[in-house]
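Peer 1: Sending over a structure as C-alpha cells; questions will come in a sec.
The values are calculated or read from the model by the stated rules, or taken from the named source; none is laboratory data. Owing to the predicted nature of the structure, the values given are computational and were not obtained by experimental measurement. Every residue, glycine as well, gets a Cβ built from its backbone with ideal geometry; the counts of neighbours run over all protein chains shown. Side chains are part of the model used for accessible areas, which takes the heavy atoms of the whole protein and leaves out ligands, DNA and RNA. Shrake-Rupley method; radii C 1.70, N 1.55, O 1.52, S 1.80 Å.
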Amino acid sequence: MTEEIKKLVDKTVEAIQDKKGRGITVIDLSGIDGCITKAFVICEGGSPSQVDAISDNIEEKMRTDLNEKPMRVVGRENSVWVAMDYVDIMVHVFVPETREHYDLEHLWADAPSEVIPDID
C-alpha cells in the first residue's frame, strides 16, 4: 500500500473511531490485478443513525483534513450499508446484520487484511 493510500485509510479509521464505529477491517487490494480500488475499509455502527453519523464524519474529515471528496456515496436512504468511493479506497459502513449477510471480508479473503482493535 502506497503512502498516499495509507494516509486515506488512516484518516478514515480516525473518523470511524471518532464516532465509536467498531469492527474496522482494512483490506489491501493493491496486489490484485484488475481490482477497481486499492483498499477497502469496512466497519459497522450499531444502528442506521450511527452508520449515518460515521459516514458523515468520514466525509467531513476527508474533506477538511485531506481535501478529498468521494466520487460517489450510496446507501444513505436507509443507512444499513453506506458505500463511499474515494477511487483509491472504498469505505463500507454497515449495521451488523447487513455486514454479516454480505461478508465482504470473506469475498476478499485472498487479499492481506488488518483488523483494527476497537476503542472504547
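Peer 1: Being of a type in the set (D, E) and modelled with pLDDT of 95 or more is the filter here; which residues of segment 7-52 pass it? Even if it seems obvious, please write down each step before you answer.
Peer 2: Pass one, segment 7-52, residues of a type in the set (D, E): 10, 14, 18, 28, 33, 44, 52.
If the condition is that a residue be of a type in the set (D, E) and modelled with pLDDT of 95 or more, then D10, E14, D18, D28, E44, D52 are the ones that fit.
Peer 1: For segment 12-120, which fully contained helices (runs of 4 or more DSSP H) count at least 3 residues that are open to solvent by less than 80 Å² (accessible area, probe 1.4 Å) and either under 22 Å from M1 (Cβ atoms) or aromatic (F, W, Y) (or both)?
Peer 2: On the way: elements: 48-66, 96-102, 104-107.
Ranges flagged: 48-66.
Peer 1: Run P117 past the list (1) free of Cβ contacts under 8 Å to residues at least 40 places away in the same chain; (2) within 28 Å of D33 (Cα to Cα) and report the number of the one that doesn't hold.
Peer 2: So P117 meets the others, but not (2).
Peer 1: Could you say whether any residue in segment 1-11 is in contact with an Asp or Glu (Cβ under 7 Å, 6 or more places away or on another chain) and without any contact (Cβ under 8 Å) to a residue 40 or more places away in the chain?
Peer 2: Scanning segment 1-11 turns up at least one residue that is in contact with an Asp or Glu (Cβ under 7 Å, 6 or more places away or on another chain) and without any contact (Cβ under 8 Å) to a residue 40 or more places away in the chain.
Peer 1: Among the residues of segment 70-78, is there at least one that is on the phi > 0 side of the Ramachandran plot, within 14 Å of the chain's Cα centre (by Cα) and modelled with pLDDT of 95 or more? Full working, then the answer.
Peer 2: Keep residues of segment 70-78 that are on the phi > 0 side of the Ramachandran plot, which gives 75.
The next check asks that each one be within 14 Å of the chain's Cα centre (by Cα); those that pass are 75.
Narrowing the set further to residues that are modelled with pLDDT of 95 or more leaves 75.
Yes, because at least one residue in segment 70-78 is on the phi > 0 side of the Ramachandran plot, within 14 Å of the chain's Cα centre (by Cα) and modelled with pLDDT of 95 or more.
Peer 1: Being over 12 Å from G21 (Cβ atoms), of a type in the set (A, V, I, L, M, F, W, C) and out of contact with any Lys or Arg (no Cβ under 9 Å at 6 or more places or on another chain) is the requirement here; does M84 meet it?
Peer 2: On the way: over 12 Å from G21 (Cβ atoms): yes; of a type in the set (A, V, I, L, M, F, W, C): yes; out of contact with any Lys or Arg (no Cβ under 9 Å at 6 or more places or on another chain): no.
Judged against the criteria, M84 is not a match.
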